[in-house]
Amino acid sequence: ARARGQAWALRDARRRFGWGELLDWVDSVARHLHQAGVRRGQRVSVWLPSRAESVVVLLACARNGYVCNPSLHQNYTVVEIVQLLERTRSAALVVQSDYGADADSSDIVSAAQALPFMKAVYAVAGQKGADSSPRARALPFPEAAPVPGPSVPADPDPDKIIYLAFTSGTTGVPKGVMHSDNTLLANGRAMVEDWNHDHSTILLSLSPMSHHIGTVALEQMMAAGFELVVNDLPPGMKTIDWIVHTGTTYIMGVPTHAIDVL
């Protein structure tokens, strides 16, 4: 951010961010979470489609020493999400109000706010826009703007736990996997070196940010300083057109994604 603040860092269907703007946004979210009462080692859960906010929350957690749980998938119901929130004792939750298997009939915001350990629920605008009722009751997701009050110093410990992912649960109850800054970046740095990536690379993750492949994409973005594009297609656009439109040079995903593109 200091050396190439205007260089592109992150892109979704709505916005494209340079490194300087991304840093400001991460700092803003980190300060909002701190002012909400979230403290080092507490869990912050994310139930979002692939969009820029998913990346910003994980980076804000790494900054402040929180543990980000991004493994809340679209096919989960509100009841299943609440169970995972209870298992992790999440202190904060970031949601999109119209996202999830039963979003039309269940209210995740009210269910999460009723948990005794929940300190804050943030909502981003979904397809219904900012006027949807669950968003009105939740806190709006912070923008990249100054926040009154003292700044929160970044936690420099590279071995602190910042990431709690769940396995798919196809063979039983989902099992948790924990990572530190170092264990994530060791993987990202090795991939950057093996594939000769640099700041000119543009990586598109076809896997959602709720899956670990999305996190592996983020690791490499942070290690090499290149632009990460999430699989957030503008309305009416197909994946192959998104690849061309974004100038992607490196794609991550699974065979299903290749089949979809074909």
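The values are calculated or read from the model by the stated rules, or taken from the named source; none is laboratory data. Everything numeric here is computed off the predicted structure, so don't read it as measured data. In this analysis, Cβ positions are derived from the backbone assuming ideal geometry, glycine residues included, and neighbour counts consider all displayed protein chains. Side chains included, ligands, DNA and RNA excluded: accessible areas come from the protein's heavy atoms. Shrake-Rupley method; radii C 1.70, N 1.55, O 1.52, S 1.80 Å.
Put simply, the amide H of S180, placed in the peptide plane, has neighbours under 5 Å in I162, leaving out anything fewer than 5 places away on its chain. On a per residue basis, the convex hull of the C-alpha atoms belonging to region 2-54 measures out at 96 Å³. Would you kindly give the portion of the calculated P(r) for region 48-203 that falls above 28 Å, as a percent of all Cα pairs? Pairs farther apart than 28 Å: 28 percent.
Taking Cβ atoms as reference points and 12 Å as the exclusive limit, the residues near E80 contribute a net charge of -1, counting Lys and Arg as +1 and Asp and Glu as -1. With all pairs of different C-alpha atoms in the average, the Kirkwood value for the hydrodynamic radius of region 1-129 is 15.1 Å.
Fraction of C-alpha pairs exceeding 29 angstrom in the chain: 27 percent, rounded to a whole number. Once the Cβ-Cβ distance of S151 and T256 is raised to the sixth power relative to R0 = 51 Å, the FRET efficiency obtained is 0.75. The 3J(HN,Hα) values that the Karplus relation (6.51, -1.76, 1.60; θ = phi - 60°) gives for region 94-106 are, in residue order, 10, 9, 10, 4, 9, 10, x, 5, 10, 4, 6, 10, 10 Hz. Gly and Pro appear as x.
Accessible-area rank, largest first, for T167, T249: T249, T167, with all protein chains present and a 1.4 angstrom probe. Each residue of region 194-207 was assigned a 3J(HN,Hα) from its phi angle through the Karplus expression (A = 6.51, B = -1.76, C = 1.60, θ = phi - 60°), giving 5, 9, 6, 6, 8, 5, 7, 5, 10, 9, 9, 8, 6, 6 Hz with x at Gly and Pro.
Can you give me the Rg/Rh ratio for region 119-262, using Cα atoms for both radii and the Kirkwood formula for Rh?
With Rg and the Kirkwood Rh in hand, the quotient comes to 1.00.
With Cβ to Cβ distances under 13 Å as the rule, what net charge do the other residues near V192 carry (K, R +1; D, E -1)? Numbers along the way, then the final one.
Numbers: positive: R189; negative: E193, D194, D198, E219.
So the environment of V192 carries a net charge of -3.
Return the percentage of antiparallel bridges among DSSP beta bridges fully within the chain, rounded to the nearest 5 %. Provide the component values of the computation, followed by the final result.
Details: 9 of 34 bridges.
So the antiparallel bridges amount to about 25 percent of the total.
Note on region 24-78: Kirkwood radius taken over Cα pairs, Stokes-Einstein applied at 4 °C and 1.567 mPa s, translational D equal to 113 µm² s⁻¹.
In order along region 56-71, the Karplus-derived 3J(HN,Hα) couplings, from 6.51 cos²θ - 1.76 cosθ + 1.60 at θ = phi - 60°, round to 5, 4, 4, 5, 5, 5, 4, 5, 9, x, 8, 10, 8, 10, x, 8 Hz, and Gly and Pro are given as x. Going by accessible surface with a 1.4 Å probe and the largest first, I259, I243 read I259, I243.
Kindly provide the helix-only [θ] at 222 nm of the chain, computed as the sum of -39,500 (n - 2.57) over DSSP H runs of four or more divided by all residues, to the nearest 500 deg cm²/dmol? Intermediate results must be reported in sequence, preceding the final value.
Details: 9 runs with 95 residues, N = 262.
Value at 222 nm, helices only, nearest 500: -11000 deg cm²/dmol.
Solvent-accessible area of H245, all protein chains in place: 110 Å² (probe radius 1.4 Å, heavy atoms, ligands and nucleic acids excluded).
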